[in-house]
Every structure is written in C-alpha cells, then in structure tokens.
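Trainee: Below are the structure tokens for one structure; questions will follow.
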Amino acid sequence: MEVQKIGSRGILFNLPSQPYSVQIYTINSPNYLFIVDTGVVLENQMEEVKKYLEENNLLTKPVIIINSHHHHDHIGGLDVIESKFIIGHTLSSERLQQTIELLENYEAYQPAAKKLKPPNLTFEKELVFADEGVELFYSPGHTEDSISCYDRVDKILIVGDTLVDPLPSINWYKLDRFIETLESYKKIEFNKMILAHEKVLEGTEFIDETIYYIKKFKALEVDFTGFTENHALMYRWGLVNLAKNLMRAGKVEEAKKYLLKAKTDIENPIIKPKDESEYQGLIEEIEKGLKEYK
Ligand SMILES: [Zn+2]
C-alpha cells in the first residue's frame, strides 16, 4: 500500500489489484472522516487502510463512507470500519442489491455478499456538507449511478471511475450524458483529480482526450495507433458491455452494431486478448447477444 498526503486534509491510499490498482481517498473534515470507496470484494484493501487510520488516530470522528458507484471493486470493505452513513446515488441502492443477489449465486462470494449493504443515505443531484466543505454530486457516465466528490477546502475532485487511464470504461449507453459529465468537470476549479484506479491528475487535458475517445467510440471510428494491452482491454469490453446495456434498454439495432464491430475487431491482433479464456468468453458474449436479437 502506498500512502500519500494530499492538500491540508486528504490522504490517498493506493492498493494493488488487477488489472488496475485501487485508490481509496479520505478527507479529514472538522466533524467527520469521509472515506471514498472501500476496495474490491474479497481483496481486503480496507483492512490495511483501517490499520493506518487507527495508528494515526484518524478514527476518532464519526465515519461517512461514500460509494462512487455500485461496482464490486469499489464497495468491498463497507463493513470494515463502522460508519454513520454509507452514501450513494438513489439508483445505487437498487443496483447494489442486484450485485448482492448476483454474488450470492457463487459460494466463494456468499460470506462477502452478506456483509454488503446498500447506501443508507442517498441523493439524486447533490448533497452538500457545508460545515465540512464536502460536496457530492451526480456524475453519470461510467455507470448510471456514478457520483463524484469535491473537497472545497483543498480543491480536490474525486471522480471514481468516470475517468480511467488509459481509456474510459464504457458500460452505459447514454454516451452523450457521459460527455456532459466530463464537460462539467472542466468547469470545476480543482488542483488535483483522484481517479479510483491508478492515477492522480492535474489539468484538463486528460478530460479532453477522454471526450475525444468517447465520440470516436460512439461513431465506431476508434484509431488503434499506439494502443497498449490496456487500451485494447478497455476497448473490447467497452463494445460488449455497451451492447449488453443497449439490449437491456431495448435498443436492439444499436446493440447489434457494437456487437458486430466487436466480432470483427477481436480478430485484429491489436485488440485480440492474449488470454485464451478471455477470448472465448468474449466470443460467447458476442454470439449470445447476436443470437438473442436476430
Ligand atoms: Zn466501475
């Protein structure tokens, strides 16, 4: 675990995971300790964070946990530190309940699933802790239930998975809304942006690069020049996950477009996974989707 102090009251914990490291951020405000995200289910990242917080006497105030969104790599340690509130978007409660039900189907995940709790404080547009200088706001794009956190004192913007390096993780079909969220970030005065995986960024260049990619992705015109394995990973799963999401929304024709593109592109050596089981898994997903909606 790497620990980095940020601004006057922030601590960033970077913990190993695959394919990307996980970042957990805490804000020590006058009356609370805010913790943004709690790591991957079954990976115990929060145990290490808890140990650090205890050793540095940072668990003396009531804790407020913030779920940036419902994905299993952001909510894994909800039960590790006792918290007054678990905050998430209104849609997050239902989504997290779905995640819990899904995990309960697998024996290895059952004990972990029992410990997951949906948020007990939710909001739709924004939630401001004025005395604490902490602002939470709706920022859909990566998922429909994504939220962001802004520390007004240190001007730190915590974006969850809205930005992922090197390429955005696309799962939700409203790509224009995703771009709107990214544009809104550019209007915020921030010193640093904390991504939920790997990185801390300054400036708005990466936001613009992400917007450019999403536009190209939407038009099925992504240029693979300079693609690394991580680019390829985000790209191929973006196509498949977007298609699945489009199907769920009843947008069958559009879904097919992305599935057919995925079918072609995964045969391209730049995009094709090196791992045979991933490759087979992708083919299965693509064929299942195409068959279902012939
Ligand atoms: Zn996510």
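Throughout, read-outs are computed from the coordinates displayed, never taken from laboratory work. On a predicted model such as this, the values are computed, not experimentally measured, just so you know. Neighbour counts run over all protein chains shown; Cβ positions are idealised from the backbone, glycine included.
Trainee: Summing +1 for each Lys or Arg and -1 for each Asp or Glu, what net charge is found among the other residues whose Cβ lies under 14 Å from the Cβ of L12? Don't skip to the answer; put the middle values down first.
Mentor: On the way: positive: K5, R9, K192, K199; negative: E2, D37, E48, D151, D154, E198, E202.
Neighbourhood net charge equals -3.
Trainee: Still on this structure: For helix 252-265, report the angle its Cα long axis makes with the longest principal axis of the Cα atoms of the chain; keep it between 0 and 90° and round to the nearest 10°.
Mentor: Roughly 80 degrees between the two axes.
Trainee: Something else now. Mind giving me the nanometre distance, one decimal, between the label points for E2 and Y212, set 7 Å out from Cα along Cα→Cβ?
Mentor: Taking the two extended label points, one gets 2.6 nm.
Trainee: Sticking with this one: When the C-alpha atoms of segment 92-134 are aligned to their principal axes, what extent does each axis show, in angstrom, from largest down?
Mentor: Ordered largest first, segment 92-134 gives principal extents of 44, 18, 11 Å.
Trainee: Let me ask you something else. Using Cα positions and a limit of under 19 Å, work out the aspartates and glutamates in reach of K288, with same-chain residues fewer than 8 apart set aside.
Mentor: In chain and number order, the partners are E253, E254, D265, E267, E276, E278.
Trainee: Alpha carbons only, please: Rg and Dmax for segment 44-137, in angstrom.
Mentor: Calculated on Cα positions, Rg and Dmax stand at 14.2, 44 Å.
Trainee: Amide H of V63: which non-local residues (sequence gap of 5 or more, or other chain) have their own amide H closer than 5 Å, using H built in the peptide plane?
Mentor: Hits under the 5 Å cutoff: L33, K84.
Trainee: With the cut-off at 29 Å, tell me which of the pairs K114/K261; K215/K263; K117/K215 have Cα atoms farther apart than that. It would help to have the intermediate numbers written out before the result.
Mentor: Details: K114/K261 39 Å; K215/K263 20 Å; K117/K215 36 Å.
Violating the 29 Å limit, Cα to Cα: K114/K261; K117/K215.
Trainee: Also, I was wondering about something else. Once you have all Cα-Cα distances for segment 81-184, histogram them in 5 Å bins from zero and send the whole-percent values.
Mentor: Reading the bins upward from 0: 2, 12, 17, 20, 20, 16, 9, 3, 1.
Trainee: Quick one: which of K51/K192; K50/K274; K51/K187; K216/K256 span more than 28 angstrom between C-alpha atoms? Don't skip to the answer; put the middle values down first.
Mentor: Values: K51/K192 26 Å; K50/K274 37 Å; K51/K187 37 Å; K216/K256 18 Å.
In this structure, K50/K274; K51/K187 exceed 28 Å between Cα atoms.
Trainee: Hey, what number do you get for the chain at 222 nm if only DSSP H runs of n ≥ 4 count, each worth -39500 (n - 2.57), divided across all residues, to the nearest 500?
Mentor: Working: 8 runs with 109 residues, N = 294.
Per the formula, -12000 deg cm²/dmol.
Trainee: Please report, to two decimal places, log10 I(q)/I(0) for segment 159-294 at q = 0.09, 0.18, 0.20 Å⁻¹ as given by the Debye formula with identical point scatterers on the Cα atoms and no solvent.
Mentor: Log-scaled intensity ratios, in q order: -0.28, -1.02, -1.20.
Trainee: How many percent of Cα pairs in the chain exceed 32 Å?
Mentor: Working: 10875 of 43071 pairs.
Summing the P(r) tail past 32 Å for the chain gives 25 percent.
Trainee: While we're here: Past 24 Å, Cα to Cα, is the threshold; run K125/K257; K155/K186; K115/K199 against it and keep the listed order. Provide the component values of the computation, followed by the final result.
Mentor: Working: K125/K257 33 Å; K155/K186 13 Å; K115/K199 29 Å.
Table pairs above 24 Å Cα-Cα are K125/K257; K115/K199.
Trainee: Here's something else I'd like to know. Place a +1 charge on the Cβ of each Lys and Arg in segment 220-292 and a -1 charge on the Cβ of each Asp and Glu, then give the dipole magnitude about the Cα centre in debye, rounded to the nearest 20. Before the final figure, lay out each step's value.
Mentor: Details: 12 positive and 14 negative charges, 61 e Å.
Dipole magnitude for segment 220-292 comes out near 300 debye.
Trainee: Any idea what log10 I(q)/I(0) is at q = 0.11, 0.21, 0.27 Å⁻¹ for segment 220-292, Debye with uniform C-alpha scatterers and no solvent?
Mentor: -0.24, -0.86, -1.28
Trainee: Which one of I87, I65, I270 has the biggest mean-square fluctuation once the chain is modelled by GNM with Cα springs under 10 Å?
Mentor: Maximum among the listed residues: I270.
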